[in-house]
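A short worksheet on the structure shown next.
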Amino acid sequence: MKRMFNPIAAACLALSASTVANTAQAPDIQRPVTQKSDSNSRTTVKTNFFCDRTSLTAEQRKRQQEIAMSLRSSLLGVRELSDGYEFELPFEPGTYQKLAQFTPMEHSCCPFFDIAIRLEREGGKLWWRLTGEEGVKEFIRAEFSPWFKRQSN
């Protein structure tokens with residue numbers, strides 16, 4: 001079967017590639033890291049972690065923020081993991097539904113997260129896990145800082 005050049009498909013592919021390139025040019029997050037050899041020295045490490053605020057509509061962003069406030073208010077604890085954090089929530093149908101709504105929105109703007117919702121057996125707790133590549137823990141602490149502040153009260 002002979003393949004033919006399709007100019008419409010080629011235009012769509014080119015447009016898609018330019019959209020990805022524009023998204024990839026978002027500014028990197030700068031985070032300071034203390035060097036072990038000299039406690040007075042500091043260096044800046046670039047990461048590729050950034051929230052793509054264009055991935056959600058204004059209405060979706062508003063809904064995401066509303067759900068985040070609700071989830072944060074019912075937060076029971078935060079567990080540090082080697083590659084991220086796990087947020088402990090009570091297992092209630094409403095909390096689970098909010099988390100199920102919130103997770104795809106969060107993944108849309110932060111696709112570099114590995115995200116899992118976990119339910120413990122026999123009426124246990126609900127866990128929301130955010131993990132990822134090296135450096136993502138610092139990003140999570142910055143992006144979800146109100147969730148961590150709640151735990152220190």
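Just so it is clear, none of the values below were taken in a lab; they were calculated from the coordinates. All values reported here derive from a predicted model rather than from experimental measurement. Please note: Cβ atoms are built from the backbone with ideal geometry, for glycine as well, and neighbour counts cover all protein chains shown.
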Checklist entry - Ranking F87, F148 by Cβ neighbours within 10 Å, fewest first, what do you get? => result F148, F87
Checklist entry - Where the centroid of each part is defined by its Cα atoms, how far is region 103-127 from region 62-78 in Å? => result 13 Å
Checklist outcome for this item: Between E120 and R61, the FRET efficiency computed from the C-beta separation at R0 = 30 Å comes out, to the nearest 0.05, as 0.45
